[in-house]
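> Have a look at this one before I ask anything.
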Amino acid sequence: MIADGAVSRGAEVLANPRARVAEGDVLDLHVVHAAETETRPQDIALDVIWEDDDLIVIDKPAGMVVHPAPGSPDQTLVNALLHHCGDSLSGVGGERRPGIVHRIDKDTSGLLVVAKSDRAHHGLAAQFERHSVLRRYLTVVHGAPDAADPRLRGVRGTSFEPGNILKITSQLARHRTDRQKQAVVWSGGRHAVTRARVVESFGAPAAASLLECWLETGRTHQIRVHLAHAGHGLIGDPVYGGRRKLSERALGAGAVAICAGFPRQALHAATLGFIHPVTDEALDFAADMPADMVALLDALRGGESAHADAQRGEI
């Protein structure tokens, strides 16, 4: 506002952000109406979990980009929110637009909170910066992390906490040759910590598992990169999943085929908890697993059961 000449003291328009003030000074701030954003509203259906004057919580479907970018100029969550919220957006950063304080990947489903006002935007951003927001994810991965696995003891940055909870600690930075990817590094990146526990495993020995993951930090692709580093890449992940194949011997041919054809990373932002930035109310939300991941788990359970029956000669 100072740079725009919108702050004055008496007849003097302040031009220097470092100008000193004294007790008793009266400063006048000229607040302009929020400008309309160039991003156009689009009538796209949204699954709204919560909404008030300051924020909105959405259960985002897989396949939807959060913010317009090169290659995805429209049909994004922001386009949908501009239409849905209309005049209820009071403006964020001087524009009438939703405040995106965190993102999930295009092909990840689940919960997002978005600010509708500047005061909510600042309050939510501060919570994310302090890492005080609770975020838990469900994902289906190759194998099942186990403290008894000697392989994991040799993977740098991995350790286990009580309850067989896998902890992965590293730096994350852009990949040196593929700028669309993130990579585990040990210097020069951003600190990242991921924890995961096995909810359910499939096959004997475990060829795949459902994990619950939670973040101490929130970096781009963090869960996907960290689990791949630990040797438990996400099923369906075209970037970090590698070419590892599931065992037909453990799961059955049908389940393996369904996993091989799963069209996205099997990752869902299942729970979200934070303090309302205006009312100070503690809010907690949960989103059911989407139908494609439910079908994937059913295939793994059914394939495992059918394969066991076949081994016993029952079918």
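> Helices (runs of 4 or more DSSP H) wholly in the stretch 220-262 with at least 3 residues that are under 18 Å from ALA299 (Cβ atoms) - which ones?
On the way: elements: 222-229, 248-251, 253-260.
It comes to 248-251, 253-260.
> Is it true that some residue in the stretch 158-179 is assigned by TED's automatic domain parsing to the domain that holds ALA255, within 30 Å of ARG243 (Cα to Cα), touching an Asp or Glu at 6+ places or on another chain (Cβ under 6 Å) and not β-branched (Val, Ile, Thr)?
Yes.
> Please verify whether the stretch 157-173 includes one or more residues that are over 18 Å from GLU216 (Cβ atoms) and not in a loop (DSSP other than H, G, I, E, B).
No, the stretch 157-173 has no match at all.
> Working only within the stretch 165-181, note down all residues that are within 10 Å of ALA192 (Cβ to Cβ) and either at pLDDT below 90 or of a type in the set (Ser, Thr, Tyr) (or both).
THR169, SER170, listed by residue number.
> For the stretch 93-108, check the following and say yes or no: at least one residue is at pLDDT below 95, in a helix (DSSP H, G or I), closer than 29 Å to THR139 by Cβ and touching a strand residue (DSSP E or B) at 6+ places or on another chain (Cβ under 7 Å).
no
> Restricting the stretch 266-283 to residues that are over 17 Å from ALA207 (Cα atoms) and under 16 Å from the mean Cα position of the chain (by Cα), which is surrounded by the most Cβ atoms within 10 Å (Cβ to Cβ)? Walk me through how you get there before you give the answer.
Step one: filter the stretch 266-283 for residues over 17 Å from ALA207 (Cα atoms), giving 267-283.
Checking which are under 16 Å from the mean Cα position of the chain (by Cα) leaves us with 267-274.
Details: LEU267: 28, HIS268: 25, ALA269: 23, ALA270: 21, THR271: 18, LEU272: 23, GLY273: 16, PHE274: 22.
The residue in question is LEU267.
> What do you reckon, is PHE128 touching a residue at least 60 places away in the same chain (Cβ under 8 Å), closer than 30 Å to ASP53 by Cβ and of a type in the set (Phe, Trp, Tyr)?
Values: touching a residue at least 60 places away in the same chain (Cβ under 8 Å): yes; closer than 30 Å to ASP53 by Cβ: yes; of a type in the set (Phe, Trp, Tyr): yes.
Yes, satisfied.
> Please determine whether any residue of the stretch 67-84 is at positive phi, within 22 Å of the chain's Cα centre (by Cα) and in a loop (DSSP other than H, G, I, E, B).
Step one: filter the stretch 67-84 for residues at positive phi, giving 71, 75.
Then keep just the ones that are within 22 Å of the chain's Cα centre (by Cα); that gives 71, 75.
Checking the rest, the ones that are also in a loop (DSSP other than H, G, I, E, B) come to 71, 75.
Within the stretch 67-84, one or more residues are at positive phi, within 22 Å of the chain's Cα centre (by Cα) and in a loop (DSSP other than H, G, I, E, B).
> How about the stretch 156-180: which of its residues are surrounded by 11 or more Cβ atoms within 10 Å (Cβ to Cβ) and polar (S, T, N, Q)?
THR158, SER159, ASN164, THR169, SER170, GLN171
> Take the residues in the stretch 162-178 that are without any contact (Cβ under 8 Å) to a residue 60 or more places away in the chain and aliphatic (A, V, I, L, M); name whichever of them is farthest from GLU200 (Cα to Cα).
Residues of the stretch 162-178 without any contact (Cβ under 8 Å) to a residue 60 or more places away in the chain: 162-165, 167, 169-178.
This time we only want the ones that are aliphatic (A, V, I, L, M), so: 165, 172-173.
Values: ILE165: 13, LEU172: 28, ALA173: 31 Å.
Of everything passing the filter in the stretch 162-178, ALA173 is farthest from GLU200 (Cα to Cα).
The values are calculated or read from the model by the stated rules, or taken from the named source; none is laboratory data. All of these numbers come straight from a predicted model, not from anything done at the bench. Using ideal geometry, Cβ is built from the backbone for each residue, glycine included, and neighbour counts are taken over all protein chains shown.
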